[in-house]
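Shown next, in structure tokens, is the structure this report addresses.
The values are calculated or read from the model by the stated rules, or taken from the named source; none is laboratory data. What you see is a predicted model; the values in this text were computed from it and never measured. For neighbour counting, all protein chains shown are included, and Cβ atoms are generated from backbone atoms with ideal geometry for every residue, glycine included. These area figures cover heavy atoms from the full protein model, side chains too; ligands, DNA and RNA do not enter into them. Shrake-Rupley method; radii C 1.70, N 1.55, O 1.52, S 1.80 Å.
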Amino acid sequence: MAVNTAINYRLPQVEQLLQYPSLQTYILALSRPVVTDIIRSQFALIRQSERFQVQGVEGVDVLAVVIKACEVLQGKRQVRVINATGIAVHTNLGRSPIATALWDSAREVNTGYSNLELELATGKRGGRNGLLPTLVNAWLGAEDCVIVNNNAASLYLILHALAAGKEVIVSRGEQIQIGGGFRIPDILALSGCKLVEVGTTNITTSDDYINALTDNTAMVLMVHQSNFSIQGFTESPDIQDVAKRLPEHVQLVVDQGSGLSSEQYANSETSLSRYLHMGADLVCFSGDKILGGPQAGIIAGRQDLTQVLLKNPMMRAFRAGRIVLALLEELLVKKLNQEPSGEGVAQHTLLRCRHTRILADRLTVKWSPYAEVVSMEMQVGGGSIPSETYACFGLALSLPGKAQQHLDAFRVMPTPIIAYLHADRLMLNLATLLDDDLPRLEAQIEHYLQRFLSIG
């Protein structure tokens, strides 16, 4: 068959397309080499398309195709979002935001060289933890601490360093799985420990632990039920009783997870200092949950045990970096001084709950007839305090068209608004808005209503 030579099959040159003003934003966001690769890959797909075969370049909006591919890739980049979910420590949204004052106070030490592993007094190499053991002692009463890159690493390091090849006793009700497929039995097996199950799903007693002890037992491990709760006919052991009855060669370790310490809003939870006071040898928890710091695993307790952890070969793989350590130092100083930036996001969110009705009323008037004030509940989230909720208010938006369409549109705004659906309405929980989120939220929703719903 003869080829129609009148059809233009020549795509623009890559370099020519890179000069278009509409691609400059994506070059800044993704880099010139990445946008160049996108252009080339889209050109390859265009050449294979049936429309191009029939109509050539005239049948394809080349620039629009490239821009769409750039938009898709840019959507994978980390950006600031507005949390309107009602979950304060939201794992999918980065858990705890770092307070601006805290971030600013750690800026100087992290934008220059630091004494990360240098003893300034002697000029010799020193440890990485700096002031943190002293701060953790003042905070929790723990003898020492170890900082790793997350709490899963904390638990693995403890098991590997203190119980490899030996038995670890765990209640059946605490053999949990958390997000990402992290299972307690699997981590025990990977660390070289033998799992010994005691009790039942809903009832485990002190005697269950004591009766399971053997000469090969290295540890009793108690694990926080981070993302669920068991209610009804239940019984948990007296931790202090277990600690007193354990022989000297068996360590009591508590994976507390949430980092709850002096906070007063979680009546169902046991604090870190309380666990240590009751006889736990080590507690481990996350730095980016209730504490409100960067992602980190913090192990606190007996100094003789923390020194064993620090000498374990896996410690180098798990240790935290300078940014995390500097932020934790600043955070704990501010927390001990009872400064607002030393409080976690959950504490700030609970205080904000009191004012959500006033805000909801104002926005409802502003966005009438599409908005309605509704009672809502706020959760701490992030694997913390699963059984408690806190009353607050928010908005239900009833907009023309499908609610899912509006939910999707909110998620691709310049500052994405992360909301949720209920009863075919778009729900905005106002409790989890940060202080500087509100102006962005209002401006974006007003623009959306004016553009798509012709009001204003």
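Answer yes or no as to whether residue 317 is surrounded by 21 or more Cβ atoms within 10 Å (Cβ to Cβ) and either modelled with pLDDT of 95 or more or out of contact with any Cys (no Cβ under 8 Å at 6 or more places or on another chain) (or both). No, not satisfied. Does region 45-77 hold any residues that are open to solvent by 40 Å² or more (accessible area, probe 1.4 Å), out of contact with any Leu (no Cβ under 9 Å at 6 or more places or on another chain) and part of a helix (DSSP H, G or I), and which are they? Hits for region 45-77 are 45, 48, 50, 51, 53, 54, 55, 58, 64, 68, 71, 72. Under 9 Å by Cβ, and 6 or more places apart or on different chains, what pairs join a residue from region 433-452 that is at negative phi and open to solvent by 60 Å² or more (accessible area, probe 1.4 Å) with one that is of a type in the set (Val, Ile, Thr) and at pLDDT 90 or above? From region 433-452, the pairs are 436/100; 440/82; 440/415; 440/417.
Residue 336 meets the conditions (1) open to solvent by less than 60 Å² (accessible area, probe 1.4 Å); (2) among the aliphatic types (A, V, I, L, M); (3) closer than 19 Å to residue 142 by Cβ in every case but one. The failed one is (1). Within region 282-291, is even one residue modelled with pLDDT of 95 or more, open to solvent by 20 Å² or more (accessible area, probe 1.4 Å) and more than 16 Å from the chain's Cα centre (by Cα)? Checked region 282-291: no residue is modelled with pLDDT of 95 or more, open to solvent by 20 Å² or more (accessible area, probe 1.4 Å) and more than 16 Å from the chain's Cα centre (by Cα).
Taken over region 286-303, the criterion of being part of a strand (DSSP E or B) and over 12 Å from residue 272 (Cβ atoms) is satisfied by 297 alone.
Filtered by the rule that a residue be part of a loop (DSSP other than H, G, I, E, B) and of a type in the set (Val, Ile, Thr), region 1-44 gives 3, 5, 7. Residue 375 falls short on exactly one of the conditions (1) over 29 Å from residue 127 (Cβ atoms); (2) open to solvent by 60 Å² or more (accessible area, probe 1.4 Å); (3) at pLDDT below 95; (4) not hydrophobic (A, V, I, L, M, F, W, C), and that condition is (3). Contact annotation: residue pairs with Cβ atoms under 7 Å, 6 or more positions apart or on different chains, pairing a residue in region 102-120 that is among the charged types (D, E, K, R) with a partner that is part of a loop (DSSP other than H, G, I, E, B), are 117/126; 117/128; 119/126.
Of the residues in region 87-117, how many are of a type in the set (Lys, Arg) and within 19 Å of residue 350 (Cβ to Cβ)? Outline the logic, then answer.
Kept after step one, since they are of a type in the set (Lys, Arg), are these residues of region 87-117: 95, 107.
Narrowing further to those that are within 19 Å of residue 350 (Cβ to Cβ): 95.
So the answer is 1.
Of all residues in region 88-106 being over 8 Å from the mean Cα position of the chain (by Cα) and among the β-branched types (Val, Ile, Thr), which is least open to solvent (accessible area, probe 1.4 Å)?
Within region 88-106, the subset over 8 Å from the mean Cα position of the chain (by Cα) is 88, 97-106.
Then keep just the ones that are among the β-branched types (Val, Ile, Thr); that gives 98, 100.
Working: 98: 49, 100: 98 Å².
Ranking the candidates gives 98 first.
Beta carbons closer than 6 Å, at least 6 apart along the sequence or on distinct chains, pair a first residue in region 289-310 that is over 13 Å from residue 251 (Cα atoms) with a second that is part of a loop (DSSP other than H, G, I, E, B) and among the hydrophobic types (A, V, I, L, M, F, W, C) for 289/89; 290/260; 296/320; 300/142.
Here are 21, 33, 12: which of them is over 30 Å from residue 291 (Cβ atoms), surrounded by 11 or more Cβ atoms within 10 Å (Cβ to Cβ) and out of contact with any Ser or Thr (no Cβ under 9 Å at 6 or more places or on another chain)? Can you show your working first?
Details: 21 fails: surrounded by 11 or more Cβ atoms within 10 Å (Cβ to Cβ); 33 fails: surrounded by 11 or more Cβ atoms within 10 Å (Cβ to Cβ).
It is 12.
One residue alone among 331, 359 is in contact (Cβ under 8 Å) with a residue 60 or more places away in the chain and closer than 19 Å to residue 429 by Cα, and that residue is 359.
What do you reckon, is residue 303 open to solvent by 10 Å² or more (accessible area, probe 1.4 Å), in contact with a strand residue (DSSP E or B) (Cβ under 6 Å, 6 or more places away or on another chain), of a type in the set (S, T, N, Q) and farther than 28 Å from residue 379 by Cα? It would help to see each step written out before you state the result.
Values: open to solvent by 10 Å² or more (accessible area, probe 1.4 Å): yes; in contact with a strand residue (DSSP E or B) (Cβ under 6 Å, 6 or more places away or on another chain): yes; of a type in the set (S, T, N, Q): yes; farther than 28 Å from residue 379 by Cα: yes.
Spelling it out, residue 303 is indeed open to solvent by 10 Å² or more (accessible area, probe 1.4 Å), in contact with a strand residue (DSSP E or B) (Cβ under 6 Å, 6 or more places away or on another chain), of a type in the set (S, T, N, Q) and farther than 28 Å from residue 379 by Cα.
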